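Reviewing the structure listed below.
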Amino acid sequence: MPVVRKVRLRHVCGDLGPFDVESTARVETLAEQAYKEWPKEGPMAVDPPLSPEEVGCIVQGKILSGSQDVESVYERYFGGYEEEQEEDVVMTMHVVVRPPKPPSKHRSKKKSQRGSRSRQQGGATTSRSSSGSQCCIVM
């Protein structure tokens, strides 16, 4: 039987949740829920995600894969609590809005076209290089 976990998503402009999420749910489900619950007014409404694919969840500086389940994230990053304490634990993840990846039809061999793209949002800057690596700096 799946356990229900509490998850709060923290954005530089405010928080979403906490949500009650089954431990078998995937991170992708959290992104979809964040997209549905994204505020229409206030500071978070300035640059909202256009689709659930633009919502990225981050724990301890790592952007989580959408295929990871909530329980594996809990065990890896939030484990170590006694059973009676677990029901009070709220997993706090950072959430960022990432621009969609452009469709890559052809790989260019020119170095001049390689580089990084960044999008600034509030106090956070998310960068994506053409090699596919990602990082997030939350200030």
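The values are calculated or read from the model by the stated rules, or taken from the named source; none is laboratory data. Just so we're clear, the structure is a prediction, and the values are computed from it rather than from any experiment. Cβ: placed from backbone, ideal geometry, glycine included. Neighbour counts: every protein chain shown. In case anyone asks, the SASA skips ligands and DNA or RNA and just uses the protein heavy atoms, side chains included. Shrake-Rupley method; radii C 1.70, N 1.55, O 1.52, S 1.80 Å.
Overview of results
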quantity: Taking the C-alpha atoms of the stretch 29-78, convex hull volume expressed per residue in Å³; calculated: 94
quantity: Sum of side-chain charges, Pro39 neighbourhood, beta-carbon under 13 Å (Lys, Arg +1; Asp, Glu -1); calculated: -2
quantity: Largest-first ordering by accessible area, 1.4 Å probe, given options Cys13, Cys57; calculated: Cys13, Cys57
quantity: Area accessible to solvent at Glu37, 1.4 Å probe radius, in Å²; calculated: 100
quantity: Inter-part distance where the stretch 17-35 and the stretch 64-82 are each reduced to a Cα centre, Å; calculated: 12
